[in-house]
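What follows is one structure encoded as structure tokens, with my remarks underneath.
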Amino acid sequence: MIPRLKPTIGIKELVAALHPTRRDDVERFEQDFAMLMGQKYALAFPYGRTGMMLLFEALGLKEKEIICPAYTCVVVPHSVVYSGNTPVFVDCKQGDFNMDLGKAEKAITDKTGAIIATSLFGYPVDLDKLDVLQKKYPRIMIIQDCAHSFAAEWKGRPVQKAGVAAIFGLNISKMLTSIFGGMITTDNGELYSKLRRLRDKTLHPADWKKGLRRLAYLISVFPALWEPIYGIINYLERYGLIDYFIQYYDESKIDMPVDYLQQITALETRVGRVNITLYKKIIENRKAAAKHYFSYFNDKPEFILPQQVPGATYSHFVVQVKDRNSWLKEGIRKGIQLGWLIEYSIPEMKAYGSHDPVKFPVAGKYSKSTINLPVWGGEKLATRITRQLDND
Ligand SMILES: *Cc1c(COP(=O)(O)O)cnc(C)c1O
């Protein structure tokens, strides 16, 4: 079974994890990450959502409305709520999965404090339109959610730099990983100092028990991603016998992981530093896989392709189909695990008051009709996958 996800990690990451801890492990990871993103500062957190929540506080956002996409990871509005603010959802634009910035403007009120500009699935958010919005509403802060958009560029401009700060997720399913973890980057020295102080005051230090849990998790990932084993895991997952890689969320609850206020472990940051050395290759692989898929699906009308946007980096290669379940089954039959990431429209979730789905038609449609194809193995794997799809 070809897994839908496979983190680009190997023996070097494992060795780094086992290294003795240095006092400056976290700072070294932050410096490398800031350099990678071309930003002055980076701050590490146990999860992206923890960083986001504290970022709102550092920016002085309290009891404000924060505009965010209806179609994004559910941890985003959770962070908004945990920081004492209210999420205001905006539907997607047809074609590239991102929030419709025209509709975002219409959602602005006196209480709006920030806009979360997300580059979903690696598709860069339209920075020209965002610039216009920022000029018109200078008091509103723009925060880039780059959890899917490592290296993504809008007309040559890196998306992470186009706002007060950018957030990144680094769990094992992301393009770059430190096992778990998240980062905030910024060029603003004052914001950096403030957020750093806030983080050091709010988070408990990681202890050896957390280190051990992370190490156990990392070790368990290796055999689990070996194709024959993966087939068995997939089978057990499908029949609800285990929940190995599936991230569960509760439709009706707004919550955080139990250790969301315990700092990232040094072990994770060492894994992250090694993983950074593979960054270029990781991005190249995804772009090459996407290129192959674009040409393969081009003449297959049962798949609706997204637009091809220069500067996209494809954290996921996503297509729309009429009957998702039958394609997921068909994939399994042909030895390919197709993904179904973001299978919800947040305003339709119970936890967020089940807004009228008619108001979020595009997000609703994406949540029910998208599948994604494995991109981690570059053109070579993509070619194998399309060949397997062609076979009966
Ligand atoms: C993964 C992700 C985050 C951060 O998630 P954490 O699990 O908290 O690190 C934020 N936004 C989006 C769109 C994501 O996919």
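Quick notes on this structure:
- Restraint check, LYS93/LYS135; LYS161/LYS281; LYS129/LYS210; LYS287/LYS365; LYS6/LYS210, Cα-Cα greater than 32 Å: LYS129/LYS210
- FRET efficiency for ASP110 and ARG384, using Cβ-Cβ distance with R0 set to 41 Å, rounded to 0.05: 0.15
- Of the chymotrypsin sites (Phe, Trp or Tyr not before Pro) found in the range 304-392, none is in coil by DSSP with at most 14 other Cβ atoms within 10 Å of its Cβ.
- Fully extending the segment from GLU190 to LYS368, taken as 0.36 nm per residue of separation minus the present Cα-Cα distance, adds 59.8 nm.
- Percent antiparallel among DSSP beta bridges (both partners in the chain, rounded to 5): 50 percent
- Range in the chain, longest, excluding exposed trypsin sites (Lys or Arg not before Pro) [loop by DSSP; at most 14 other beta-carbon atoms within 10 Å]: 156-252
- FRET E, pair HIS19, ASN325, Förster distance 30 Å, beta-carbon r, rounded to 0.05: 0.10
- Given R0 = 41 Å, the distance between the Cβ atoms of LYS350 and SER295 translates into a calculated FRET efficiency of 0.50.
- Centroid-to-centroid separation of the range 173-238 and the range 54-107 [C-alpha atoms, Å]: 23 Å
- Value of [θ]222 nm, deg cm²/dmol, for the chain, DSSP H segments ≥ 4, -39500 (n - 2.57) each, nearest 500: -12500 deg cm²/dmol
- DSSP beta bridges fully contained in the range 11-202 are about 40 percent antiparallel.
- Under 5 Å between amide hydrogens, built in the peptide plane, is the criterion, and for VAL88 it picks out ILE66, ILE67, CYS68 among residues at least 5 positions away or on other chains.
Only the coordinates and a few stated rules stand behind these numbers; no lab work does. A quick note: this is a predicted structure, and the numbers were derived from the prediction, not measured. No Cβ is skipped: glycine too gets one built from the backbone with ideal geometry, and neighbour counts run over all protein chains shown.
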